[in-house]
Amino acid sequence: MDEIVAEFIKRTILKIPMTEMMTTLKAWDFLSENQLQSINFRKRKESLVHDLVLLCEEKNASVSDAALLDIIYTQFHRHQKVWDVFQMTKEPGEDIDLFDMKQFKTSFKKILQRALKNVSVTFRDAEENAVWIRIAWGTQYKKPNQYKPTYVVYYSQTPYAFISSSRLRSSIPLLGQALTIASKYHRIVKMDFRSRYLDSLKAIVFKQYNQTFESHNATTPLQERSFGLDINMDSRIIHENRIEKDRVQRVTQEIFGDYPQPRLEFAQYKLETKFKSDLNGGILAERKEPLRCLVKFSSPNLLEALKFLAPAGIADAPLSPLLTCIPQKRMNYFKIKDK
């Protein structure tokens, strides 16, 4: 094992929290059970990493072994990346081909290696017929940079791929070409949909809403929340308030359902419109360029926050379709223009 691989493994292990160290190393399955038992995990982290690197040297670990460890770490900490959703399509009338994962991996790797001399590709199979792909990019004259890889999560027999955002934008067309050819699709487009929460993106894209997500301040069910009705109020006012409260609750449940919402951090709206006025003249009336405005809604759990706007009395029910259509449209970047 050369110094480059040793340094790669060292940096990766240093990123792993001590509470996850044993779990991660067992998932890696590179070091044997006896080797792991020989390590004192109560040592200081620097000493522990040194001992683990020595064991990897004994087994002559390769770049691929180190890359696999990095994939496992990234799977545990997927929320540290920003994920973009890509959708692939076939030609009209084109038949659906039988999918072979082994053939997909071989084809994907060959396409990248033919186009680029120095590129490192590593695969790891995951649950639900998914495959995690790690690509370290180089150039014709430089070896792959293992510290700035791109990650792809592809679910076989679906037209969707989730790709970690990368500064190497020039690599995206080649990556898209490799994905479409290897998965036997015709073209690929980037959707206006991104988040740090990969599981939530997947749930929305595949319409798997009724599952448990990390939620933000939503431990009390909607129907149990108190909206501050005074018990000394006139009974007629209380009756009207209850009717309105029931209406808001019913409308909210129809729109959002009674399950926790997938977790997204933001939704962004870009407005472009030309100035319109019945009055003649004025600077804006002569303006040819449209007026532009950007509005961004942010929250630790945006959809869950939107769900409780109306019940909390902050907004009228129902909310604007521009806010409630995010899961159905599968997007959180919107462009609003004049018709």
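The values are calculated or read from the model by the stated rules, or taken from the named source; none is laboratory data. Quick caveat, the model's predicted, so the values are computed rather than measured. Here Cβ is always computed from backbone atoms with ideal geometry, including for glycine, and neighbour counts include all displayed protein chains. The area values use the complete protein model at the heavy-atom level, side chains included, leaving out ligands, DNA and RNA. Shrake-Rupley method; radii C 1.70, N 1.55, O 1.52, S 1.80 Å.
Using R0 = 41 Å, the C-beta based FRET efficiency linking D192 and E7 works out to 0.60. What's the carbon and sulfur percent of the chain's accessible surface, probe 1.4 angstrom, rounded to a whole number? The C+S portion of the solvent-accessible surface of the chain is 49 percent. Tell me, in nm to one decimal, what length is gained between E20 and N118 on full extension, where the rule is 0.36 nm per residue of separation less the Cα-Cα distance? Gain on extension, E20 to N118, equals 32.0 nm.
Please compute the length gained on full extension between E244 and K90, using 0.36 nm multiplied by the number of residues separating them and subtracting their Cα-Cα distance.
50.6 nm
N40 sits among other residues whose Cβ lies under 15 Å from its own Cβ, and their net charge, with Lys and Arg +1 and Asp and Glu -1, is +2.
Report the far tail of the P(r) of region 242-337, meaning the percent of Cα-Cα pairs longer than 21 Å. Here the tail beyond 21 Å accounts for 46 percent of pairs. Considering only alpha-carbon pairs that sit under 8 angstrom and 6 or more positions apart, the relative contact order computed for the chain is 15 percent.
Using a 1.4 angstrom probe, figure out how much accessible area the chain has per residue, in square angstrom, rounded to the nearest whole.
Accessible area per residue, the chain: 60 Å².
Within the set (i) 48, 21, 19; (ii) 28, 24, 22; (iii) 46, 30, 20, the number that semi-axes √(5λ) of the Cα gyration tensor in Å takes when calculated for this structure is listed as (iii).
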